[in-house]
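Bear in mind these aren't lab numbers, they're just calculated from the coordinates by the rules spelled out. All values reported here derive from a predicted model rather than from experimental measurement. No Cβ is skipped: glycine too gets one built from the backbone with ideal geometry, and neighbour counts run over all protein chains shown.
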Amino acid sequence: MTSSSTFRIGGDLEVGRLGFGAMRLPTEEGPPREGSLAVLRRVVELGVTLIDTAFLYGGGANEELIVEALHPFPEGVLVTTKIGVARSAESGEWALDGRPEVLRDQVDRALARLRFERLELLQLHRIDPEVPLADQIGTLRDLQAEGKIGRIGLSEISVDDLDQARKIIDVASVQNRYNLLDAEHEPVLAACEAAGIAFLPWRPVHTVHTATSATADSGAAESAAAEEVAAIAAELDATPAQVALAWLLDHSPVILPIPGTASIKHLEQNVAAAALHLTKAQRTRLDRQRPTPPQP
Ligand SMILES: NC(=O)c1ccc[n+]([C@@H]2O[C@H](COP(=O)([O-])OP(=O)(O)OC[C@H]3O[C@@H](n4cnc5c(N)ncnc54)[C@H](OP(=O)(O)O)[C@@H]3O)[C@@H](O)[C@H]2O)c1
C-alpha cells in the first residue's frame, strides 16, 4: 500500500483504513454466537479500529453482539452504526423511515444499546424519499449540536444527494456499494476524494470472491476479469479477496473498506491484505478489468 494506513474521519477521528463490517455475523445463542464473539475479539486483537454495524442488522441484535464481545471498547476503536430504517409495528416489515422523530428515537436507542454518551460517527442508512432531505439532514445537524452525534455519515447516496447534504452539514463519511468489479459509484467516490470525505465501500470482497470462484455461467467480461484477478492473486501468493482489498486501498486514499466475515481465517487474510503490495503493472491490469463508470 503506497498511501497512509490510517485516515482521519471528519478531519480528526483517526482509524486504520482496513475496517470490519459486522452485518453477517450470526447472533443466535449457542455456537454461532460464540463464533461471532470470537471473530469480533480477533478483529480488535489484529488492530482493526473501525467496526461498522446498523440498527437494521437484527433490529439492534448486531450492536448488542458487539457490546457483548468488546465492551468496554478499547481506546481508539470506533464502532459506527446506522439509523433510518424501521420495522412496522403492524406488518413487521422493515422500511426506510427518515421522519425526524424516528431518527431522534433511534439515536437515543443506539446510544443506550452501545453504551455511548456520543455516537462518534453516526450514518444515515438511506435517505428516505418520502421525507424532505432537509428535514432528515437537519435532524442529524440538531442531534450533533446537542452533543449526541460527533460526525455524520450517509449511505447509498448520489453526488447530488451529497451536494444537497453538504449545504446543511459537514459530511464525514459516505458508505456506498463499491468494489474492483463494480464502478457504479465512481462519481461519488471522486466527489468524496475531492472533499476529503471517508468513503466506506460496502460489498468490498464478496463480488470479486464470487466471480473468481464461479465456473460455467459467468459472462465473458466477468470471466476475463475473474481470470486476471486470480492470476494476480497467484503471482502474489494471495487470494482474490486480498487482491480486491489491496486494490481498494490503493485506488484512493479516502477508501476505508469494511469487509465482513464470520471466519477467523478470512478475517486474518483480510487484515493481511493491507500489507499486500500491488506493482504498478498489476494495478494497471486490474484497472483494465473495471466496468465503465457512469458519467457524472
Ligand atoms: N450501507 C449499506 O447499505 C450496507 C449494505 C450491506 C453491507 N453493509 C456493510 O458492509 C459490510 C460488508 O458488506 P458485505 O458483507 O455485503 O460484503 P463483503 O464484506 O464484501 O462480503 C462478505 C462475504 O464475503 C465472504 N468473505 C469475506 N472475506 C472473505 C475472504 N477473505 N475470502 C473469501 N470470502 C470472504 C464472507 O463469507 P465468510 O463469512 O465465509 O468469510 C461473506 O459471505 C457489512 O458487514 C456491513 O457492515 C452496508
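Below is a table of values for the structure above.
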| read-out | value |
| --- | --- |
| Residue range of the chain that is longest and free of GluC sites (Glu not before Pro) which are both DSSP loop and sparsely packed (at most 11 other C-beta within 10 Å) | 147-296 |
| Residue-span extension gain [GLU130 to THR210] - 0.36 nm each, minus C-alpha spacing | 25.3 nm |
| Value of relative contact order over the chain, rounded to a whole percent, pairs C-alpha under 8 Å and six or more apart | 20 percent |
| Packing-based exposure ordering (other Cβ within 10 Å, fewest first) of LYS148, LYS265 | LYS265, LYS148 |
| Built amide H within the under 5 Å cut-off of ILE149, gap 5+ | LEU119, GLN144 |
| Within the chain, percent of DSSP bridges classed antiparallel, to nearest 5 | 30 percent |
| Lys/Arg +1, Asp/Glu -1 at C-beta; the stretch 1-50 dipole; positive extreme among SER4, THR49, PRO26 | SER4 |
| Proxy reagent accessibility, fewest Cβ within 10 Å first, across HIS277, HIS206, HIS251 | HIS277, HIS206, HIS251 |
| The stretch 150-296 - charge dipole about Cα centre, Lys and Arg +1 at Cβ, Asp and Glu -1, debye rounded to 20 | 280 debye |
| Set of lysines with alpha-carbon distance to LYS82 below 23 Å, sequence-local pairs under 8 removed | LYS148, LYS167 |
| Integer Hz, Karplus 6.51/-1.76/1.60 couplings in order for the stretch 72-80, x for Gly and Pro | x, 5, x, 3, x, 8, 9, 9, 10 |
| Full-stretch length increase - ALA220, ALA275 - with 0.36 nm per residue and alpha-carbon distance subtracted | 16.7 nm |
| Residue-by-residue Karplus 3J(HN,Hα) for the stretch 155-169, coefficients 6.51, -1.76, 1.60, Hz, glycine and proline x | 9, 6, 10, 9, 4, 5, 4, 4, 4, 5, 5, 5, 6, 10, 9 |
| Interchain or long-range residues, amide H under 5 Å from GLU14's placed H | ILE9 |
| Gaussian network model of the chain, Cα within-10 Å springs - most flexible of ALA112, ALA198, ALA246 | ALA112 |
| Ranked VAL67, VAL43, criterion: other C-beta atoms within 10 Å, fewest first | VAL67, VAL43 |
| Charged-residue dipole, Cβ positions (Lys, Arg, Asp, Glu), the chain about Cα centre, Debye nearest 20 | 520 debye |
| Over the stretch 197-266 - Rg/Rh using Cα atoms and the Kirkwood inverse-distance radius | 0.99 |
| Zone residues, the stretch 231-249, relative to ARG24, backbone N less than 13 Å from point 7 Å out along Cα-to-Cβ | 241-242 |
| Fully extended contour minus Cα-Cα distance, from GLU75 to ARG290, at 0.36 nm per residue | 73.6 nm |
| J(HN,Hα) series, the stretch 100-111, from Karplus relation 6.51 cos²θ - 1.76 cosθ + 1.60, nearest Hz, glycine and proline x | x, 5, 6, 4, 4, 4, 5, 5, 4, 5, 5, 4 |
